[in-house]
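A quick write-up on the structure given underneath.
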Amino acid sequence: MTLSLSGLSKSFGTTRVLRDVTLEVPEGTRIALVGSSGSGKSTLLRLIAGFERPDAGTIALGDRELAGPRSTVPAHRRGIGYVAQDGALFPHLSVARNIAFGMPRGARHVARVHELMELASLDQTLADRMPHELSGGQQQRVALARALTQQPKVILLDEPFSALDTGLRAQTRQAVVDMLERSGVTAMLVTHDRDEALSFGQQVGVLAGGRLVQAGAPTGVFDAPIDVRVAEFLGDVMLVSARSAGTDAVDCAFGRLPVRHDRSGGAARVRAMVRPEQVRLAPAVDGGNATVVSIRSTGAGADLTLRFGGGSFPAEATHRVPLHAAARFQAGCQVQITVDGGVVLYPRHE
Ligand code: ADP
Ligand code: MG
């Protein structure tokens, strides 16, 4: 069943936290919503879970309205599981008893707990451990296993990896994605981490100022952000002034480049956006299209400050090169910048 949000709004006092959020999450798919702290991520999950009521709009699962002007289904009847940021395991219960908590009396607990532990890639030898005897990543997987005991139709995950350190984070993230994939449950995750959001599922959405600014397939949103704010939110950007050079091409500091997506809305003055991953840099034999102004080591590489010619605005930009490429550049040398793929155009206001 598709999870449908339509025109959802929520205020606390005079603070408008969510405005007109509309979104569909097809059955069995995963979506990640990314937004900075205070952008309303937890509030949105709490509305869906049924811990808060929307001021306007509806929440439905298939044909069943869970919240709307006429109806409110209580949280425990929604078939929605919620995993909090810290996992919130019961500290005085073992792993097995944490997972079994909430199973109906008389159910075949042992077999079901066994099955859920397997789904969560948790070794059976951990069944009798207490939460404090587990790593952070294991605790999160137990929390998710516990949320799955009720066989929810939808699982909501509120920044589930933010308390884990980098190495464990990537590993736990993958384990959780595999687990959700195997269980076939519809899932919504909220996070402030763009890489986490982009790699989580079939859709990514960006929350800013209480609005869902853009949602779609991760590659699509990363490749064609609706505005500069979304572009900067999902990755690093290089933005330079550009002039039209006929249909679907512009002249800019990087040369004449094809326009991959035009988001300028026909503005007279435009900027061209490229991702640093598209940029290749080589010392220029003759000419070149930029000068290296300065080099600053980052340990793993170097940040080159480049100055563009031709009245580009801004006139300078920083570009990071890896350690073994850095030795090819010196301050003052001319470089040739090549861009793979085209640019995305945005209006230029300044
Ligand atoms: P996020 O999870 O993205 O960090 P939240 O949804 O927790 O954001 O909060 C969004 C805004 O709503 C914040 O300004 C927060 O202070 C406010 N807020 C959240 N819950 C409440 C509440 N129960 N009462 C009053 N203000 C709240
Ligand atoms: Mg939050």
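Just a few scattered comments:
- Taking trypsin sites (Lys or Arg not before Pro) as exposed when their DSSP state is a loop state and no more than 13 other Cβ atoms lie within 10 Å, the longest site-free interval of the chain runs over 109-268.
- Pairwise Cα distances in the stretch 1-149 exceed 22 Å for 50 percent of all pairs.
- R0 of 45 Å, Cβ-Cβ distance residue 22-residue 178: FRET efficiency to nearest 0.05: 0.90
- The residues of the chain expose on average 48 square angstrom of accessible surface per residue, using a 1.4 Å probe on protein heavy atoms.
- Distant-in-sequence amide H partners of residue 201 (H built 1.01 Å from N, under 5 Å): 32
- Couplings for the stretch 271-283, taken from phi via the Karplus curve 6.51 cos²θ - 1.76 cosθ + 1.60 with θ = phi - 60°, read 10, 9, 10, 10, 8, x, 5, 7, 8, 10, 10, 9, x Hz in order; Gly and Pro are left as x.
- Taking the convex hull of Cα positions in the stretch 228-350, its mean projected area over all directions (nm²): 7.8 nm²
- Cα-based shape type of the stretch 256-295, given that a ≥ b ≥ c are square roots of the gyration tensor eigenvalues and the cut on a/c is 1.5: prolate
- Taking 35, 201, 299 in turn, the Gaussian network model of the chain (Cα-Cα springs below 10 Å) assigns the largest fluctuation to 299.
- Between the stretch 253-329 and the stretch 12-91, the alpha-carbon center distance in angstrom: 42 Å
- Average projected area [Cα convex hull, the chain], square nanometres: 22.2 nm²
- Taking 85, 278, 202 in turn, the Gaussian network model of the chain (Cα-Cα springs below 10 Å) assigns the largest fluctuation to 278.
- Across the stretch 9-15, rounded Karplus estimates of 3J(HN,Hα) from the backbone phi angles (6.51 cos²θ - 1.76 cosθ + 1.60, θ = phi - 60°) give 9, 8, 10, 10, x, 9, 8 Hz, Gly and Pro being marked x.
- Amide proton proximity set for residue 336, modelled H, under 5 Å, gap of 5+: 282, 284, 289
- Cα-based helix-to-principal-axis angle, 136-148 vs the chain, degrees rounded to 10: 60 degrees
- Fraction of beta bridges assigned by DSSP in the chain that are antiparallel (%, nearest 5): 75 percent
- Amide H within-cut-off set for residue 269, under 5 Å, with H built and near neighbours excluded: 348
- Net charge of Cβ neighbours under 15 Å - reference residue 7; Lys, Arg +1; Asp, Glu -1: +2
- 3J(HN,Hα) along the stretch 326-335, derived from phi through the Karplus expression 6.51 cos²θ - 1.76 cosθ + 1.60 where θ = phi - 60°, amounts to 4, 5, 7, 10, 10, 4, x, 7, 7, 10 Hz, with x in place of Gly and Pro.
- Shown for the stretch 189-323: the carbon plus sulfur share of the solvent-accessible area, taken with all protein chains present and a 1.4 angstrom probe, equals 52%.
The values are calculated or read from the model by the stated rules, or taken from the named source; none is laboratory data. Computed from a predicted model, the values in this text were never measured in an experiment. Heads up, the Cβs are rebuilt from the backbone with ideal geometry, glycines too, and the neighbour counts pull from every protein chain shown. The accessibility values were calculated without ligands, DNA or RNA, using every heavy atom of the protein model including side chains. Shrake-Rupley method; radii C 1.70, N 1.55, O 1.52, S 1.80 Å.
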